[in-house]
Amino acid sequence: KLLSNSHVMNITIELAGGAELLFGNKRKHEITLPEEEKAWTMGTLIPWIRDNLLQERSELFMQGKTVRPGILVLVNDADWELSGELEYVIENKDNIMFISTLHGG
């Protein structure tokens, strides 16, 4: 019996403003999320990104259960505050962008 593709989540994660430096200087990551029984949300995606994509200094990406202050998050080019932040349910083909607004000297 073939599994339906309805659970396959292909998303794009983009990084800018210096956030990409924490990810091996790679700005764009095309990802297939593993199947989960519950829906993927930003609240489950952010720790997954930390555990699977982040290459250094997780404290510069996350604080507690969310991204640290100073990282702007866009979901399909809209501020994630408009879509519920951590509660937002990820959909196939979503584009999620993390933009660091922190510029250390």
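The values are calculated or read from the model by the stated rules, or taken from the named source; none is laboratory data. None of these values were measured; they are calculated from a predicted model. Quick reminder, even Gly has a Cβ in these numbers, built from the backbone with ideal geometry, and neighbours come from all protein chains shown. Surface areas here come from the heavy atoms of the whole protein model, side chains and all, with no ligands, DNA or RNA. Shrake-Rupley method; radii C 1.70, N 1.55, O 1.52, S 1.80 Å.
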| query | Could you give the accessible area per residue of the stretch 6-59, probe 1.4 Å, as a whole number in Å²? | reply | 57
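Under a point-charge model restricted to the Cβ atoms of Lys and Arg (+1) and Asp and Glu (-1), what is the dipole moment magnitude of the stretch 18-100 relative to its Cα centre, in debye to the nearest 20? Walk me through the numbers before you get to the answer.
Numbers: 9 positive and 15 negative charges, 72 e Å.
Using only the charged Cβ atoms, the result is roughly 340 debye.
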| note | Packing-ranked peptide list from 32-38, 69-75, highest mean Cβ count within 10 angstrom first, is 69-75, 32-38
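Given a 1.4 angstrom probe, what's the average accessible area per residue across the stretch 66-105, in square angstrom? Working shown, then result.
Numbers: 2380 Å² over 40 residues.
Heavy-atom accessible area per residue stands at 60 Å².
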| message | Using only the alpha-carbon atoms, how far is helix 42-52 inclined from the longest principal axis of the chain? Give it as 0 to 90 degrees, nearest 10. | response | 70
| message | Can you classify the chain as rounded, prolate or oblate using the Cα gyration tensor, where a ≥ b ≥ c are the square roots of its eigenvalues, rounded means a/c under 1.5, and otherwise it's prolate if a/b beats b/c and oblate if not? | response | prolate
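Considering only protein heavy atoms and a probe of 1.4 Å, how much of the accessible area of the stretch 10-72 is carbon and sulfur, as a whole percent? Please report the intermediate quantities before stating the final value.
Working: 1630 of 3560 Å².
C and S fraction of accessible area: 46 percent.
By the gyration tensor of its Cα atoms, with a ≥ b ≥ c the square roots of the eigenvalues, what is the shape of the stretch 7-65: rounded for a/c under 1.5, prolate for a/b over b/c, or oblate? Mind showing how you got there, number by number?
Numbers: a/c = 2.46, a/b = 1.47, b/c = 1.68.
Here the stretch 7-65 falls in the oblate category.
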